[in-house]
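The values are calculated or read from the model by the stated rules, or taken from the named source; none is laboratory data. In this text the structure is predicted, and so the values were computed from the model without any measurement. Please note: Cβ atoms are built from the backbone with ideal geometry, for glycine as well, and neighbour counts cover all protein chains shown. Remember, those area values only see protein heavy atoms, side chains included, never the ligands or the DNA or RNA. Shrake-Rupley method; radii C 1.70, N 1.55, O 1.52, S 1.80 Å.
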Amino acid sequence: MSFGINVWNGSGALTLDMGDFTLQKLAVMVLPANPSGGVVRPAPRTDYILMDVAGYNPSTCFVTITPRYYNTGAQFGRSVIPTYKDLGGTQIAIFTYANYRMPNGTGGWIEQWVESTVECVIEVVRVI
């Protein structure tokens, strides 16, 4: 599906049209909320959800992550909005958790992760 825009000036002359740019939606994924994931767990986490999108190229495409709701009822009082990373080629990694460090009281750190994602719509769009 492609989208574009036509803009005319005050004199009625077309100044911007779909020949200037068009947006083409390449992929859509709905990521469900995970309110039960609010439990803190030790050690950093590295897994991800793989989106392999035909036609994806980071130089001509962008990824949007739009939360549908901001409150998951997470027990620890906050929710995580997923993030993404370009993996090269047509692959995109979706991360649904947050890694963080806490001081251990003896000059070191405790590494942990928490997951409590809100429901999101993830879209991959190409600018033509």
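What is the one condition in (1) farther than 30 Å from VAL7 by Cα; (2) of a type in the set (Ser, Thr, Tyr); (3) surrounded by 15 or more Cβ atoms within 10 Å (Cβ to Cβ); (4) at pLDDT 90 or above that THR96 does not satisfy?
Failed condition: (4).
May I ask you to list the residues in the stretch 59-85 that are under 14 Å from the mean Cα position of the chain (by Cα), more than 26 Å from GLN112 (Cβ to Cβ) and at pLDDT 90 or above?
Hits for the stretch 59-85 are CYS61, PHE62, VAL63, THR64, THR66.
Can you tell me which residue within the stretch 43-63, out of those that are of a type in the set (Val, Ile, Thr) and surrounded by 12 or more Cβ atoms within 10 Å (Cβ to Cβ), is nearest to ALA93 (Cα to Cα)? Show your work before the answer.
Here is the first cut: in the stretch 43-63, the residues of a type in the set (Val, Ile, Thr) are 46, 49, 53, 60, 63.
This time we only want the ones that are surrounded by 12 or more Cβ atoms within 10 Å (Cβ to Cβ), so: 49, 53, 60, 63.
Numbers: ILE49: 6, VAL53: 11, THR60: 17, VAL63: 11 Å.
By that ranking, first place goes to ILE49.
Please specify each residue of the stretch 99-128 satisfying the condition of being in contact (Cβ under 8 Å) with a residue 40 or more places away in the chain, over 28 Å from PRO58 (Cα atoms) and open to solvent by 60 Å² or more (accessible area, probe 1.4 Å).
Residues satisfying the conditions are ILE110, GLU111.
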